């Protein structure tokens, strides 16, 4: 496939390799069932590959539009790969914060343990059972 890709050729291609469409758009074929679109660009002297999606989800026309949008961002000084990496790390950090947050049960148990010695016998029995019943 030399020059611009054609939709039918893209659909039929099964030989592993990288097939250029032009202006940095590539179809990357890893096997008969694995085809992905990627945009190749240079940012501050480094070659970068920005994934645009699977062939199953993104048509040739959509891939060209996504490439054009990505190209505008790169021209505006945005490193797409670094931006994606930063977003992924931010999401991971937010998930870790949620994981580290104590549950209501853990907080309630800590409160009960902290005040246990200052409570009467009746109060000691009332707190845990009320929490289990109503909370």
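The values are calculated or read from the model by the stated rules, or taken from the named source; none is laboratory data. Everything quoted here is computed from the prediction, not taken from an experiment. Please note: Cβ atoms are built from the backbone with ideal geometry, for glycine as well, and neighbour counts cover all protein chains shown.
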inquiry  = Just to be sure before I move on: is residue 57 surrounded by 14 or more Cβ atoms within 10 Å (Cβ to Cβ) and out of contact with any helix residue (DSSP H, G or I) (no Cβ under 6 Å at 6 or more places or on another chain) in the structure I sent?
reply    = no
So, first residue under 14 Å from residue 130 (Cβ atoms) in region 103-116, second residue modelled with pLDDT under 85 and assigned to a helix (DSSP H, G or I), Cβ within less than 7 Å, six or more apart or across chains; the pairs are 108/131; 112/127; 112/128
Of the residues in region 1-21 that are closer than 20 Å to residue 68 by Cα and touching a helix residue (DSSP H, G or I) at 6+ places or on another chain (Cβ under 9 Å), the one that is surrounded by the fewest Cβ atoms within 10 Å (Cβ to Cβ) is 7
Within region 22-35, the residues that are assigned to a loop (DSSP other than H, G, I, E, B) and surrounded by fewer than 16 Cβ atoms within 10 Å (Cβ to Cβ) are 23, 32, 33
Problem - Some residue of region 33-48 being within 27 Å of residue 9 (Cβ to Cβ), modelled with pLDDT under 95 and more than 20 Å from the chain's Cα centre (by Cα) - result: yes
